[in-house]
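Worksheet: one structure, shown below.
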Amino acid sequence: MVVDLLRRGCETGITQFSLNFALFRSVFGCGARLGAGPVPRPWCSQGACAAEAHGDEDRPMHTLARRARAEWGPLYDSVREPLLRRGWRAVPMALGAVCLTAALHFVHSQTWGYRFVQDVGGVRAQDPLWPALLRTPLSLFVPALDLPVWGALVQILLVFGIAEICLGRWRTLALAYTATLAGTLYARVGIWLGPDSPLGLPGSDAHVVDTGPSAAVVGLAVFVGWRYGAYVTAGAVIAAMVVEVVLKENLAGKEHLAAIAAVLVLCGVSALRHRRSRARAGSGSGLPPIRS
C-alpha cells in the first residue's frame, strides 16, 4: 500500500514524502487484533507483544477486581487495620458471643439442660409479653437445635466481629437486639392478624420458638453493608431472605424480613440525621452568604 502511494506521487509530480510510522503501527496493531491476519511488527519485541496479549486476556479480571474493590474496599480497609494491630483482641464481644452460643447449645441439647435453656432464652409468641421481652436478649444466643450449630457460630463470629469493629460494641448489641425484637414482636402481630391477612401468620406459629441469632446476623449484615457502601451485598442478603420466605414460608423467614424492615428504618433515620448534621455544618460555617 505504501509503495503504491509513492509511485502515484511520483507520477503526479510529488517529490517529497513524510511518513508517520506511529500511525501505521497503530493501524497494523488494530488490524491484527481484529483478525486481519498475521501482521509483522518489527517494532514490537516478542515479550512486549506477549504482555499486550496477556493484558487483553486479563482485562475481565481487572474489571472484576475493580468492582470488588468498589463493593468491599471501604469495609476491608476499616476491618484490616484493627485486626492486624490487635488481632483477636479487636473483637472480644464477638468471641464472647460465639462462646456463649456454643455453651447454650451444648446445655440445650442435654436432657438435663433443655428445660433450663427454654426457660431463660426460649421465646414464643404464646408467652406473656413481659417475660418474653426479658428472655429476648439471651435468645440471641440460643440457636435452633435442628440446624448445624457450626453454621451459627461462623455467622456470629464473622458478622458480629465485623460489626463490632465498624460500629462499636454497644451499637452492635443495640442493633442485634432491635432486629431480634422486631422479629419477636412481628410474630405476635402476625398471629393477631391471622392467616387471611397478607402479613398474617397461622395460629400454630404461636408455639414455634423464635429465630435465635439469625435475625440479629441478618440485620447487622444489612446495616453494615449499607453503612459502608456494599449495597450489592446488602441487597443479596435481602434477596436471599425473600427467597427463603417464598420457598419455605416459615416463621423464621418472615421474622428475618421483619428484622430487615426494622434495620432499613434505622438506616433511613441515620441517613436523615447525617444529612441534617451536614446541613447545619454548612450553614454554620461562618462564611458570608453567596450573592448572585
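Taking the conditions (1) at pLDDT 90 or above; (2) surrounded by 14 or more Cβ atoms within 10 Å (Cβ to Cβ) in turn, residue 210 satisfies each one other than (1).
Suppose we filter the range 172-193 for residues that are among the aromatic types (Phe, Trp, Tyr) and closer than 13 Å to residue 211 by Cα; how many remain? Spell out the reasoning first.
Initially, the range 172-193 is screened for residues among the aromatic types (Phe, Trp, Tyr), giving 177, 186, 192.
Right, trim to closer than 13 Å to residue 211 by Cα and you get 177, 186.
Matching residues across the range 172-193 total 2.
Could you please let me know if residue 204 is small (Gly, Ala, Ser) and within 28 Å of residue 105 (Cβ to Cβ)? Considered against the rule, which asks whether it is small (Gly, Ala, Ser) and within 28 Å of residue 105 (Cβ to Cβ), residue 204 comes out as yes. From the list 131, 143, 137, the one residue that fits, being in contact with a Gly (Cβ under 6 Å, 6 or more places away or on another chain) and not polar (S, T, N, Q), is 143.
Rundown of residues vs (1) aromatic (Phe, Trp, Tyr); (2) part of a helix (DSSP H, G or I); (3) open to solvent by 30 Å² or more (accessible area, probe 1.4 Å); (4) farther than 24 Å from residue 132 by Cβ, yes/no style:
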site: 200; (1), (2), (3), (4): no, no, no, no
site: 204; (1), (2), (3), (4): no, yes, yes, no
site: 226; (1), (2), (3), (4): yes, yes, yes, yes
site: 235; (1), (2), (3), (4): no, yes, yes, yes
site: 257; (1), (2), (3), (4): no, yes, yes, no
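Restricting attention to the range 102-136, the residues that are open to solvent by less than 60 Å² (accessible area, probe 1.4 Å) and either within 26 Å of residue 154 (Cα to Cα) or acidic (Asp, Glu) (or both) total 18. Within the range 137-165, residues that are in a helix (DSSP H, G or I) sit with their Cβ atoms under 6 Å from residues that are charged (D, E, K, R), at 6+ positions apart or across chains, in these pairs: 139/210.
When you go through 242, 209, 224, 218 one by one, which is the residue that is among the hydrophobic types (A, V, I, L, M, F, W, C) and in contact with a strand residue (DSSP E or B) (Cβ under 8 Å, 6 or more places away or on another chain)? Before you say what the answer is, go through the steps one by one.
Values: 242 fails: in contact with a strand residue (DSSP E or B) (Cβ under 8 Å, 6 or more places away or on another chain); 224 fails: in contact with a strand residue (DSSP E or B) (Cβ under 8 Å, 6 or more places away or on another chain); 218 fails: in contact with a strand residue (DSSP E or B) (Cβ under 8 Å, 6 or more places away or on another chain).
After applying the criteria, what remains is 209.
When we screen 98, 149, 154 for residues that are over 23 Å from residue 185 (Cβ atoms) and open to solvent by 50 Å² or more (accessible area, probe 1.4 Å), the only hit is 154. When 219, 190 are checked against the criterion of being part of a helix (DSSP H, G or I), buried (at least 22 other Cβ atoms within 10 Å of the Cβ) and in contact with a Lys or Arg (Cβ under 8 Å, 6 or more places away or on another chain), 190 stands alone in meeting it.
The values are calculated or read from the model by the stated rules, or taken from the named source; none is laboratory data. The structure displayed is predicted, hence computed values, not measured ones. Glycine gets a Cβ as well: all are built from the backbone with ideal geometry, and neighbour counts include every protein chain shown. Side chains are part of the model used for accessible areas, which takes the heavy atoms of the whole protein and leaves out ligands, DNA and RNA. Shrake-Rupley method; radii C 1.70, N 1.55, O 1.52, S 1.80 Å.
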